[in-house]
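Asker: Can you keep this structure in mind? I'll have questions shortly.
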Amino acid sequence: MLTMLNLPEPKTDDMTRIPGLFRRWELAELILPGQSYHIEAAGKADDGTPLFAVFRGVASDATGLLE
């Protein structure tokens, strides 16, 4: 079971949060070339695995949807 934290909003208006919390090895599935990201620590899973929140640049959203 995952523990959800109250996460801060992105530091700039040009970022949007990708829903969910991710383990380090799952980040490779999210990150695409040519896009900007902000990654923050977001607590730990019950087994102690660190979790991360991922924010993507809004300008990058449309490009990512076309691929």
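Asker: What ³J(HN,Hα) values, in whole Hz, does the Karplus curve 6.51 cos²θ - 1.76 cosθ + 1.60 give for the range 14-19 when θ = phi - 60°, with x put for Gly and Pro?
Answerer: These are the phi-based 3J(HN,Hα) values: 8, 10, 10, 7, 7, x Hz.
Asker: Right, something else. So for the pair Tyr37, Trp25, with labels modelled 7 Å out along Cα→Cβ, what separation do we get in nm?
Answerer: According to this spin-label approximation, the distance is 1.6 nm.
None of the figures in this text is laboratory data; all of them are computed from the coordinates on show. Worth saying up front: this structure is predicted, and the values here are computed from it rather than measured. Counting neighbours? That spans all protein chains shown, and the Cβs are built from the backbone with ideal geometry, glycine included.
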